[in-house]
Amino acid sequence: DSPPPQGVRLPAGGPVASEWTITSQFRGDTFAGLLVTIYTDSTQTTLLDLTGGSVRMDFRQNNKLTLQLSEGAGIEITNAAGGQVTAADFLLDMPVGEHDYDVEVRTADGRVITALYGTIEILKDQTR
């Protein structure tokens, strides 16, 4: 699958989070980041207000944490009132193989919402 376009609209709080399989990437390469806009409804009419909230993105292989992005370390709420979260470019310094990931937000009132989840295949690189 190709990456979601900038500003992809993802419903939050519905019965199922949005799934995205990230295109295979080479170990040690720089991932080009992503911008996610989170809505509270499946019709994408109401933005999730992230004012006072937090966000993180975890990658796991065989249930073992291989990479974590958190606020101040790779992922940020970039437009709180507009429900936007941005993962900056980051190095894919992870073991070769398939990794599960998710993007989780915590709202100011304590709700935890998985907005995006999926897999990424890390390929073996030859140049180091």
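The residues of the range 29-49 that are among the charged types (D, E, K, R) and either buried (at least 19 other Cβ atoms within 10 Å of the Cβ) or touching a residue at least 60 places away in the same chain (Cβ under 8 Å) (or both) amount to a single one, 29. Just wondering, is there one or more residues in the range 50-66 that are modelled with pLDDT under 95, outside any strand (DSSP E or B) and open to solvent by 70 Å² or more (accessible area, probe 1.4 Å)? No. Of all residues being assigned to a loop (DSSP other than H, G, I, E, B) and not polar (S, T, N, Q) in the range 116-128, which is most open to solvent (accessible area, probe 1.4 Å)? Just the residue, please. By that ranking, first place goes to 128.
Contact map, the range 77-94: first residue under 16 Å from residue 33 (Cα atoms) and β-branched (Val, Ile, Thr), second residue open to solvent by less than 30 Å² (accessible area, probe 1.4 Å) and part of a loop (DSSP other than H, G, I, E, B), Cβ cut-off under 7 Å, separation 6 or more or different chains; pairs are 77/50; 77/53; 86/33.
Applying the criterion of being outside any loop (DSSP other than H, G, I, E, B) and β-branched (Val, Ile, Thr) to the residues of the range 18-49, the residue that is nearest to the chain's Cα centre (by Cα) is 36. Of all the criteria given as (1) under 13 Å from the mean Cα position of the chain (by Cα); (2) acidic (Asp, Glu); (3) closer than 12 Å to residue 50 by Cβ, the one not satisfied by residue 89 is (3). Scanning for something touching a residue at least 60 places away in the same chain (Cβ under 8 Å), assigned to a strand (DSSP E or B) and loosely packed, with under 13 Cβ neighbours inside 10 Å, does the range 95-115 turn up at least one residue? No, because not a single residue in the range 95-115 is touching a residue at least 60 places away in the same chain (Cβ under 8 Å), assigned to a strand (DSSP E or B) and loosely packed, with under 13 Cβ neighbours inside 10 Å. Scan the range 78-86 and tell me whether some residue there is assigned to a strand (DSSP E or B), at pLDDT below 90, hydroxyl-bearing (Ser, Thr, Tyr) and surrounded by 15 or more Cβ atoms within 10 Å (Cβ to Cβ). No: the range 78-86 contains no residue that is assigned to a strand (DSSP E or B), at pLDDT below 90, hydroxyl-bearing (Ser, Thr, Tyr) and surrounded by 15 or more Cβ atoms within 10 Å (Cβ to Cβ).
The values are calculated or read from the model by the stated rules, or taken from the named source; none is laboratory data. Keep in mind that what you see is a predicted model, and the values were worked out from it rather than measured. No Cβ is skipped: glycine too gets one built from the backbone with ideal geometry, and neighbour counts run over all protein chains shown. Protein only, heavy atoms only, side chains kept; ligands, DNA and RNA dropped before computing areas. Shrake-Rupley method; radii C 1.70, N 1.55, O 1.52, S 1.80 Å.
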